[in-house]
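**Student:** Here's a structure for you.
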Amino acid sequence: MRPGTAHARVRYKGDDVGDQDGDGTAAVPMAEVMAEMPGVWRRLLAAHVPDRFGRCSACRTATGSGEKWPCSLHRIASQARQLHEQNLAQAIDTDRDG
Ligand SMILES: [Zn+2]
């Protein structure tokens, strides 16, 4: 008889990352990617503006009913702009520190 039993070490995979509840958190990764593409979010911000009915003029469909502004694309683009400006501010801080 062999001594000892093979104890399989059971490890629970910790899925801490990406399992957060909360409104709007899902849009952040997309905004982070977009933050490095200023041309993209600038164009989105320029195009996705509210019309006089408070609906996005860029997300308007053929039927005439647009998405209520700010639409999801505009929200992502404005988050991207914030991240972009934060990155710039951090870069300046780092530069001054040296
Ligand atoms: Zn839109």
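**Student:** What residue among T61, V49, A31 has its Cα farthest toward the positive end of the dipole of the range 26-97, where the charges are +1 on Lys, Arg and -1 on Asp, Glu, each on the Cβ?
**Tutor:** T61
**Student:** Continuing with the same structure: Counting Lys and Arg as +1 and Asp and Glu as -1, each charge on the Cβ, what is the dipole of the range 26-97 about the Cα centre in debye, to the nearest 20? Present the calculation step by step, with values, prior to reporting the outcome.
**Tutor:** Values: 9 positive and 8 negative charges, 117 e Å.
In total the dipole reaches around 560 debye.
**Student:** Also: Counting Lys +1, Arg +1, Asp -1, Glu -1, what net charge surrounds H84 among other residues with beta carbon under 11 Å of its beta carbon?
**Tutor:** Working: positive: R42, R81; negative: E32, E36, E85.
Its environment carries a net charge of -1.
**Student:** Also, quick follow-up: With Cβ to Cβ distances under 14 Å as the rule, what net charge do the other residues near R52 carry (K, R +1; D, E -1)?
**Tutor:** Result for the neighbourhood of R52: +2.
**Student:** While we're here: So for each of 73-82, 49-58 I average, over its residues, the number of other beta carbons within 10 Å; can you give me the resulting order with the highest mean first? Don't skip to the answer; put the middle values down first.
**Tutor:** Details: 73-82: 19.9, 49-58: 13.4.
My ranking of the peptides, most packed first, is 73-82, 49-58.
**Student:** Moving on to the next point. With just the Cα atoms of the range 26-97, tell me how far they stretch along each of the three principal axes, in Å, largest first.
**Tutor:** Between the extreme Cα coordinates on each principal axis of the range 26-97 lie 54, 23, 17 Å.
Just so you know, all these numbers are worked out from the coordinates, no wet-lab data involved. From a predicted model like this one, the values you see are computed outputs, not experimental measurements. Quick reminder, even Gly has a Cβ in these numbers, built from the backbone with ideal geometry, and neighbours come from all protein chains shown.
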